[in-house]
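The values are calculated or read from the model by the stated rules, or taken from the named source; none is laboratory data. This is a predicted model, so every value here is computed, not measured. Every residue, glycine as well, gets a Cβ built from its backbone with ideal geometry; the counts of neighbours run over all protein chains shown. In case anyone asks, the SASA skips ligands and DNA or RNA and just uses the protein heavy atoms, side chains included. Shrake-Rupley method; radii C 1.70, N 1.55, O 1.52, S 1.80 Å.
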Amino acid sequence: MSRVGKSPITIPAGIDLSINGNVVTVKGKLGTLTQEINQDIAIEREGDVLTVVRPTDLKEHRSQHGLYRALIQNMITGVSTGFAKNLELVGVGYRASHQGQNLELSLGYSHIFVMQIPNEVNLNTISEKGKNPIIELASFDKQLLGAIASKIRSLRKPEPFKGKGVRYVGEIVRRKAGKSGAKK
């Protein structure tokens, strides 16, 4: 049995969870999230404890068992405490600034990237002298937050020789040795 799928989900106080057919809706202080689940997967609620149950041991049901349990847990965590991701711009002349929900990035290309960030994601940029610029993203929707952070990172992925690029704070970039000097 799935180790993730069989563990129960506890619903904290202040979270309103409703199940209508195969649609799960979670409301909390930060927002509202909905997720449609497979009709074969059952959700049982006993007080403040939620359990995800699969009907058979077919490969399809086993894979969805842990998936839907994790998605529901992430929805509950998101509307109660939220999620955050920080990105760091490593490189000479790399800059980040924001005007409302518009993120402007200068990443060493001949042009500036301007991204419209959805309203569900809180955006902040930090630029201190002598330190790499940092982009702070926070949201109650983990899937949206990860997609936005991944899109920003894909504009200039960290390269292995000098380590320049956009990376997550704390991400370790494997470095490679450059060309060797001329041999005599």
Among the listed residues Val114, Val121, Val52, which satisfies the condition of being surrounded by 15 or more Cβ atoms within 10 Å (Cβ to Cβ) and out of contact with any Ser or Thr (no Cβ under 7 Å at 6 or more places or on another chain)? Val52
Within the range 30-44, the residues that are in contact (Cβ under 8 Å) with a residue 12 or more places away in the chain and open to solvent by 70 Å² or more (accessible area, probe 1.4 Å) are Leu30, Thr32, Glu36, Gln39, Asp40
Quick check on the range 16-28. Is at least one of its residues more than 18 Å from Leu58 (Cα to Cα) and among the basic types (Lys, Arg)? yes
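For (1) over 24 Å from Met75 (Cα atoms); (2) in a strand (DSSP E or B), each residue gets a yes or a no:
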residue: Glu104; (1), (2): yes, yes
residue: Asn119; (1), (2): no, no
residue: Asn124; (1), (2): no, yes
residue: Glu128; (1), (2): yes, no
residue: Ala138; (1), (2): no, yes
residue: Ala147; (1), (2): no, no
residue: Ser150; (1), (2): no, no
residue: Lys157; (1), (2): yes, no
In the range 85-102, how many residues are touching a Ser or Thr at 6+ places or on another chain (Cβ under 8 Å) and assigned to a strand (DSSP E or B)? 4
Conditions: (1) in contact (Cβ under 8 Å) with a residue 40 or more places away in the chain; (2) within 23 Å of Gly31 (Cα to Cα); (3) open to solvent by less than 90 Å² (accessible area, probe 1.4 Å). Gln101 meets all but one. Number of the miss? (1)
Suppose we filter Gly82, Gly100, Gly78, Gly93 for residues that are under 30 Å from Glu128 (Cβ atoms) and over 22 Å from the mean Cα position of the chain (by Cα); which single one remains? Gly93
Quick check on Arg54: is it over 14 Å from Leu145 (Cβ atoms), more than 21 Å from the chain's Cα centre (by Cα) and in contact (Cβ under 8 Å) with a residue 12 or more places away in the chain? yes
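This table checks each residue for (1) closer than 14 Å to Gly91 by Cβ; (2) surrounded by fewer than 19 Cβ atoms within 10 Å (Cβ to Cβ); (3) in contact (Cβ under 8 Å) with a residue 40 or more places away in the chain.
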| residue | (1), (2), (3) |
| --- | --- |
| Ala138 | no, yes, yes |
| Leu145 | no, no, yes |
| Ser150 | no, yes, no |
| Lys157 | yes, yes, no |
| Ile172 | no, yes, no |
| Ala177 | no, yes, no |
